[in-house]
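A.B. asks: This is the structure I want to talk about, given as structure tokens.
The values are calculated or read from the model by the stated rules, or taken from the named source; none is laboratory data. Keep in mind that what you see is a predicted model, and the values were worked out from it rather than measured. Note that each Cβ is placed from the backbone with ideal geometry, even for glycine, and that neighbours are counted across all protein chains shown.
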Amino acid sequence: MKIVMLGAPGAGKGTQAKMLSEKYGIPHISTGDIFRMNIKNNTELGKKAKGYMDAGQLVPDELVVDLVVDRIKAKDCMQGFILDGFPRTIPQAEALDYALNNQNEKIDYAINVDVPDEHIVERMSGRRACSDCGATYHVVTIPSKKEGICDVCGGTLVLREDDKPETVKKRLEVYHEQTKPLIDYYNKKENLLKVDGTQGIQVVFEEITKVLG
Ligand code: ADP
Ligand code: ADP
Ligand code: ZN
């Protein structure tokens, strides 16, 4: 099963993608996580991506497309994958379709986790991410057992630099301009699944898996 997660920053794409990855035994591929790992390891790619990410802008298509197209050719993607944070522009979606087409494959579901803008700042200012393993929490809705400490690995939980309200506003603008048109793109291909992302995590998950099987 090949899945693409759509939705505003903070809509809950990553949270659902991790749960779906476990249920269906297919890898969760988050381009944001890949970039953050590269920044942490101070790689060439990380150095190139950092400025854009800190400013709340998208990293240029040419820095992300080949990376994803290569990644989904890996052996662990034979049974499918869940893309989280990619595609984010129409050219990225076209490049993905082109690469899949060449192998007689296609995206089975594009899942739009729908959360209105007015909820987003609240979601993002409460998000805490583990600086070691990337696990995600929310100070109100999904707190860790011990404040500031990751349940999974004991690492330190931090507020992402780009989750501060000024940057979130910019990211939302970018979302509306460049990423939201993808909803229409996948709707035309008739593989769009829309869920109300303001519901509880488990309810959202059940609505998705009811359709996916
Ligand atoms: P969120 O989880 O809030 O949606 P991500 O972790 O997916 O955010 O992405 C963080 C940042 O990484 C984005 O604001 C953007 O700068 C960059 N990024 C991630 N994926 C892409 C992509 N497919 N194209 C361009 N930039 C990307
Ligand atoms: P995205 O990957 O779309 O940027 P995340 O999955 O990281 O979003 O979720 C953003 C924040 O909202 C996190 O702090 C997460 O714990 C929290 N969250 C995710 N889904 C829900 C939900 N259905 N209800 C309340 N909070 C949620
Ligand atoms: Zn951790």
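A.B. asks: So which pairs qualify, if the first residue must be in segment 151-176 and farther than 19 Å from Arg36 by Cα, the second must be of a type in the set (Ser, Thr, Tyr) and at pLDDT below 95, the Cβ gap must be under 7 Å, and the two must be at least 6 apart or on different chains?
C.D. replies: Cβ pairs passing all conditions: Pro165/Ser125.
A.B. asks: Tell me which of these Arg123 doesn't satisfy, since it passes every other one: (1) loosely packed, with under 15 Cβ neighbours inside 10 Å; (2) touching a residue at least 40 places away in the same chain (Cβ under 8 Å).
C.D. replies: With (1) loosely packed, with under 15 Cβ neighbours inside 10 Å; (2) touching a residue at least 40 places away in the same chain (Cβ under 8 Å) applied to Arg123, the lone miss is (1).
A.B. asks: Mind checking which residues of segment 177-200 are part of a loop (DSSP other than H, G, I, E, B) and among the basic types (Lys, Arg)? Even if it seems obvious, please write down each step before you answer.
C.D. replies: Keep residues of segment 177-200 that are part of a loop (DSSP other than H, G, I, E, B), which gives 180, 189-191, 197-200.
Within segment 177-200, Lys180, Lys189 meet the criteria.
A.B. asks: So for segment 163-178 (the condition being within 16 Å of ligand 3 (Cβ to nearest atom) and among the hydroxyl-bearing types (Ser, Thr, Tyr)), does at least one residue qualify?
C.D. replies: Filtering segment 163-178 for residues within 16 Å of ligand 3 (Cβ to nearest atom) gives none.
Within segment 163-178, not a single residue is within 16 Å of ligand 3 (Cβ to nearest atom) and among the hydroxyl-bearing types (Ser, Thr, Tyr).
A.B. asks: Just one of Ala110, Ala49, Ala93, Ala55 is more than 28 Å from Lys23 (Cα to Cα), crowded, with 21+ Cβ neighbours inside 10 Å and either within 18 Å of the chain's Cα centre (by Cα) or within 14 Å of ligand 1 (Cβ to nearest atom) (or both); which is it?
C.D. replies: Values: Ala110 fails: more than 28 Å from Lys23 (Cα to Cα); Ala93 fails: more than 28 Å from Lys23 (Cα to Cα); Ala55 fails: crowded, with 21+ Cβ neighbours inside 10 Å.
Selected residue: Ala49, the only one of Ala110, Ala49, Ala93, Ala55 that is more than 28 Å from Lys23 (Cα to Cα), crowded, with 21+ Cβ neighbours inside 10 Å and either within 18 Å of the chain's Cα centre (by Cα) or within 14 Å of ligand 1 (Cβ to nearest atom) (or both).
A.B. asks: So which residues in segment 115-133 are within 16 Å of ligand 1 (Cβ to nearest atom), over 17 Å from Tyr175 (Cα atoms) and in contact with a strand residue (DSSP E or B) (Cβ under 8 Å, 6 or more places away or on another chain)?
C.D. replies: If the condition is that a residue be within 16 Å of ligand 1 (Cβ to nearest atom), over 17 Å from Tyr175 (Cα atoms) and in contact with a strand residue (DSSP E or B) (Cβ under 8 Å, 6 or more places away or on another chain), then Gly126, Arg127, Arg128, Ala129, Cys130, Ser131 are the ones that fit.
A.B. asks: Related question: Using beta carbons and a limit of 6 Å, which pairs, at least six apart or on different chains, have the first residue in segment 24-49 and touching a residue at least 24 places away in the same chain (Cβ under 8 Å) and under 15 Å from Phe81 (Cα atoms) and the second one part of a strand (DSSP E or B) and of a type in the set (Val, Ile, Thr)?
C.D. replies: Between residues of segment 24-49 that are touching a residue at least 24 places away in the same chain (Cβ under 8 Å) and under 15 Å from Phe81 (Cα atoms) and residues that are part of a strand (DSSP E or B) and of a type in the set (Val, Ile, Thr), the close pairs are His28/Ile82.
A.B. asks: Of everything in segment 25-46 that's over 18 Å from Thr179 (Cα atoms) and touching a Cys at 6+ places or on another chain (Cβ under 9 Å), which residue is surrounded by the most Cβ atoms within 10 Å (Cβ to Cβ)?
C.D. replies: Across segment 25-46, the extreme among qualifying residues is Ile26.
A.B. asks: Within the set of pairs 6+ apart or on separate chains, which have a first residue in segment 188-213 that is without any contact (Cβ under 8 Å) to a residue 24 or more places away in the chain, a second that is surrounded by 14 or more Cβ atoms within 10 Å (Cβ to Cβ) and among the hydrophobic types (A, V, I, L, M, F, W, C), and C-beta atoms under 6 Å apart?
C.D. replies: Glu207/Val195
A.B. asks: Shifting gears a bit: Residue check: is Ala99 modelled with pLDDT of 95 or more and either more than 25 Å from Pro181 (Cα to Cα) or within 11 Å of ligand 1 (Cβ to nearest atom) (or both)?
C.D. replies: No; evaluated as a whole, the condition is false for this residue.
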